[in-house]
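Note sheet for the following structure.
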Number of protein chains: 2
Amino acid sequence: MKKIINAPEKALPEALEGFTTCHGHMVRYDAAARTVLRRERKKDGRVALVSGGGSGHEPMHIGYVGRGMLDAACTGQIFTSPTPDQMLAAADAVETGGGVIFIVKNYAGDIMNFEMAVEMHHGRAMIVITDDDVALENSMCASGQGNRGVAGTLVVEKIAGAAAERGYGIDRCVEIAQQTNAATGSMAVALSSCVVPAAGTPNFLLGEDEMELGVGIHGEAGRERIKARSADDLAELFVDSILERIGTAKDDPLLLMCNGLGGSPPIELYILYNSARKILTSRGYRVERSLIGTFCSALEMAGASITLTKLDMGLLNLWDDPVETPVLRWA
Amino acid sequence: MKKIINAPEKALPEALEGFTTCHGHMVRYDAAARTVLRRERKKDGRVALVSGGGSGHEPMHIGYVGRGMLDAACTGQIFTSPTPDQMLAAADAVETGGGVIFIVKNYAGDIMNFEMAVEMHHGRAMIVITDDDVALENSMCASGQGNRGVAGTLVVEKIAGAAAERGYGIDRCVEIAQQTNAATGSMAVALSSCVVPAAGTPNFLLGEDEMELGVGIHGEAGRERIKARSADDLAELFVDSILERIGTAKDDPLLLMCNGLGGSPPIELYILYNSARKILTSRGYRVERSLIGTFCSALEMAGASITLTKLDMGLLNLWDDPVETPVLRWA
């Protein structure tokens with residue numbers, strides 16, 4: 001294991017301290033609750049949004065805390081759920097009377113803990129589960145059902161965050177978040193594995209000419225172990241699989257995101273984005289909004305994912321609303 | 001070689017097409033000149049800024065084209081200088097009567113070609129050379145003198161871009177750019193090599209427990225091949241070496257940038273940033289501005305660099321001026 005760290009047990013607290021110090025004008029860090037909070041409290045009566053999950057996927061979710069997106073992100077140990085106590089503390093810290101929505105990626109441990117937090121929370125709290133990974137049916141980590149939640153969670157957080165910022169009520173915000181999740185699909189490929197610092201060894205192995213198609217963001221097995229393929233071939237597989245989930249109507253504007261898994265450089269993400277976009281436009285789809293970058297990583301795993309969201313005009317307007325976070329930022 | 005590409009010879013044009021399509025509201029792509037241009041022409045009489053260099057360092061320089069920073073970025077083949085013809089076409093495209101400044105990283109090929117472009121250009125054109133890499137004296141690529149230009153070039157481009165946007169004359173803009181370069185130092189470490197697509201094999205080899213201290217952004221040998229060290233040790237080495245260049249006065253506010261080389265994930269960059277920041281503050285320095293991210297890559301090389309700029313109040317204000325590019329964006 002070769003990483004830029006001090007000691008495995010210090011990696012997470014030091015990373016969080018670095019991140020929150022760098023972005024201290026937007027976020028603050030509650031070290032006791034290992035939670036990143038929006039610096040400025042939301043207006044009274046607005047719905048508060050809390051997300052969280054295992055670490056190792058940076059900048060998800062800590063990079064999305066700020067005006068127009070999340071109010072708090074609870075961080076678990078690497079690839080491990082945060083605890084109900086953390087979630088409860090976060091909800092108490094950000095609640096201003098409009099209720100709290102927990103946005104949770106579909107993993108058994110996360111859901112169990114967030115459900116406990118909902119039960120323990122004194123005010124109104126609801127859960128929205130994201131399950132955008134189309135690689136496998138019932139791909140959910142550990143025991144459980146449905147698809148994994150991956151990079152598309154960012155889109156749900158942005159759009160629900162805009163709805164909350166506008167002052168929509170909790171039921172409407174939940175409905176919009178669920179609609180966004182249903183309109184979103186993602187699929188990834190790994191070119192290398194990753195090493196959890198506390199373990200010290202790769203969590204799977206890939207041959208020099210192999211790729212893991214449909215890999216999960218913790219290195220979970222994907223749909224197939226394949227011989228290395230071209231960006232065009234990968235993009236076509238991704239687009240076809242995602243459109244199966246979100247539907248193939250060509251009237252709705254699409255959001256296209258190309259996400260790096262941590263070890264793949266910008267130039268390769270630009271190429272994969274280009275392949276996906278050309279396939280979509282050649283089939284008559286309209287790519288109206290785009291993101292390229294490392295938004296949901298799997299430690300240092302080389303690889304990338306494609307996410308598509310079918311935006312109707314309502315979702316498109318919410319996407320375009322101002323946002324001011326460490327990673328997404330527009331006026 | 002395992003990469004997300006189609007064919008080595010198509011990697012660069014496809015990446016540029018993807019990048020410019022994604023960011024089409026800010027930039028446009030002149031495919032014939034392989035140059036990325038600011039979408040909106042600058043006001044008449046303002047100084048125009050053109051940068052460029054070999055590709056493989058994305059998002060440098062294409063990610064810094066836009067309002068308040070560069071007017072054009074010429075892209076060479078991977079790790080190869082663009083040609084004087086490209087630079088001349090870029091200068092002609094963006095010149096609005098205030099003259100053109102070429103910002104050039106200190107590599108022999110780039111300088112030779114940009115100097116030819118200055119000679120061939122009909123209007124007034126000047127060159128600013130960046131040489132922020134403190135790893136080695138006379139580390140310049142190929143034959144030549146002085147230090148390599150690396151990630152700190154971003155700081156020069158931002159501050160000179162703000163000066164040009166304010167309407168400062170060309171001589172003053174050049175002076176500010178040179179002052180910024182002199183106040184900036186950088187140093188990098190590699191944890192892995194990288195593979196130029198057309199070559200297909202790594203351009204150097206590192207053992208499982210080795211790091212290349214002071215590596216160049218094309219994989220040039222650094223100061224020393226070392227056994228793997230902690231983030232704190234690396235940060236201290238970087239900070240000491242950089243302060244030797246930029247001076248150690250504690251009154252000036254510092255800009256601290258932690259830059260990924262392409263294959264290192266956000267979590268490791270946060271840790272290295274944190275180490276550098278703690279060392280600086282423990283010695284009484286004031287870190288007033290910060291950046292963490294992949295700003296100047298070396299293809300998929302794992303590793304990172306630290307850059308420090310000593311900002312006086314004038315440079316700090318220019319840094320804070322609005323900027324609207326694909327990568328740097330604030331109002």
task = Could you calculate the FRET efficiency of B:M126 with B:A32 from 1/(1 + (r/R0)^6), where r is the beta carbon distance between them and R0 is 22 Å, rounded to 0.05?
result = 0.30
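How well do other chains shield peptide B:54-60, expressed as the mean number of their Cβ atoms within 10 Å of each residue Cβ? Don't skip to the answer; put the middle values down first.
Working: counts 0, 1, 3, 3, 6, 6, 1.
For this peptide, the per-residue mean of nearby foreign Cβ atoms is 3.
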ask   = Between B:E175 and the same site in the other copies, what are the distances in nm, shortest first, taking label points 7 Å from Cα along the C-beta direction?
value = 6.3
ask   = Using the Karplus equation 6.51 cos²θ - 1.76 cosθ + 1.60 (θ = phi - 60°), what ³J(HN,Hα) coupling, rounded to whole Hz, does each residue of the range A:272-284 give in order, writing x for Gly and Pro?
value = 5, 4, 4, 4, 5, 5, 5, 4, 5, 5, 5, 9, x
remark   = Row for the range B:184-313, column shape: gyration tensor on C-alpha, a ≥ b ≥ c, rounded if a/c < 1.5 i.e. under 1.5, prolate if a/b over b/c, else oblate; value prolate
query = Add -39500 (n - 2.57) for each DSSP H run of 4 or more in chain A, then divide by its residues: what number comes out at 222 nm, to the nearest 500 deg cm²/dmol?
reply = -10500 deg cm²/dmol
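In Å², what does the accessible area per residue of the range B:153-312 work out to with a 1.4 Å probe?
Working: 4920 Å² over 160 residues.
Solvent-accessible surface per residue comes out at 31 Å².
Quick one: with all protein chains in place, what share of the accessible area of chain A is carbon or sulfur, to the nearest percent (1.4 Å probe)? Walk me through the intermediate numbers first.
On the way: 5410 of 11050 Å².
In chain A, the share of accessible area belonging to carbon and sulfur is 49 percent.
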query = When chain B is treated as a GNM, springs tying every alpha-carbon pair under 10 Å, which of B:D233, B:D30, B:D133 comes out with the largest mean-square fluctuation?
reply = B:D233
note = Log entry, pair B-A: total buried accessible area, probe 1.4 Å, protein chains only, in Å² rounded to 100, is 4400
ask   = Counting alpha carbon pairs within less than 8 Å and at least 6 residues apart, what relative contact order, in whole percent, applies to chain A?
value = 18
key: Share of alpha-carbon pairs per 5 Å distance bin for the range A:106-179, given as whole %   = 3, 16, 21, 22, 22, 12, 4, 1
ask   = In the Gaussian network model of chain B, springs joining C-alpha atoms below 10 Å, which of B:G214, B:G97, B:G149 carries the largest mean-square fluctuation?
value = B:G97
note = Taking N as the residue count of the protein assembly as shown, its alpha carbon Rg divided by 2.2 N^0.38 Å gives 0.91
query = Taking every DSSP beta bridge that has both residues in the range A:184-313, what percent is antiparallel when rounded to the nearest 5?
reply = 75
message = Can you give the FRET efficiency to the nearest 0.05 for A:T96 and A:R289, using r as the Cβ-Cβ distance and R₀ = 35 Å?
response = 0.75
message = Report, to one decimal in Å, the Kirkwood hydrodynamic radius for chain B based on all distinct Cα pairs.
response = 19.6
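How do A:322-328, A:104-110, A:7-13 rank on mean C-beta neighbours within 10 Å, highest first? Please list the in-between numbers first.
Numbers: A:322-328: 19.6, A:104-110: 23.4, A:7-13: 17.3.
By packing density, highest mean first, the sequence is A:104-110, A:322-328, A:7-13.
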query = Label-to-label distances across copies for A:D312, with labels 7 Å out along Cα→Cβ, in nm, shortest first?
reply = 5.9
ask   = Suppose every K and R has +1 on its Cβ and every D and E has -1 on its Cβ; what is the size of the dipole of chain B about the Cα centre, in Debye to the nearest 20?
value = 640
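Nearest 20 debye, what's the magnitude of the dipole of the range A:184-313 about its Cα centre given +1 on Lys and Arg Cβ and -1 on Asp and Glu Cβ?
Its charge dipole is roughly 340 debye.
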inquiry  = Using a 10 Å cut-off around each Cβ of peptide A:9-18, what is the average number of partner chain Cβ atoms that fall inside?
reply    = 6
ask   = What is the distance, in nm, between label points placed 7 Å from the Cα along the Cα-to-Cβ direction at B:T248 and at A:D251?
value = 7.0
ask   = Considering only the label points, 7 Å along Cα→Cβ from Cα, what distances in nm to one decimal separate B:P202 from the same position in each other copy, shortest first?
value = 1.2
task = Would you give the gap between the C-alpha center of the range A:28-48 and the C-alpha center of the range B:104-122, rounded to a whole Å?
result = 51
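How many partner chain Cβ atoms sit within 10 Å of a residue's Cβ in peptide A:291-300, on average, as a whole number? Working shown, then result.
Details: counts 1, 7, 6, 5, 1, 0, 3, 1, 4, 9.
Mean shielding count: 4.
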inquiry  = Under the rule of at least 5 residues apart or a separate chain, name every residue whose amide H is placed under 5 Å from the amide H of A:S192.
reply    = A:A302
ask   = Distance from the Cα centre of the range B:161-225 to that of the range B:260-331, in angstrom?
value = 13
inquiry  = Taking the alpha-carbon distance from A:K43 and a cut-off under 26 Å, which lysines remain once sequence neighbours fewer than 8 residues away in the same chain are dropped?
reply    = A:K158
task = Pairs of Cα atoms under 8 Å, at least six residues apart: use those to get the relative contact order of the range A:184-313, whole percent.
result = 35
ask   = So how much slack lies between A:E236 and A:Q178, counting 0.36 nm per residue of separation and subtracting their Cα-Cα distance, in nm?
value = 18.2 nm
query = Quick one: if you stick a label point 7 Å off each Cα along the C-beta vector at A:D209 and B:R39, how many nm between them?
reply = 4.3
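The values are calculated or read from the model by the stated rules, or taken from the named source; none is laboratory data. Source: prediction; values computed, not measured. Glycine also receives a Cβ, built like all others from the backbone with ideal geometry; neighbour counts cover every protein chain displayed. For accessibility, only protein heavy atoms count, side chains too; no ligands or nucleic acids. Shrake-Rupley method; radii C 1.70, N 1.55, O 1.52, S 1.80 Å.
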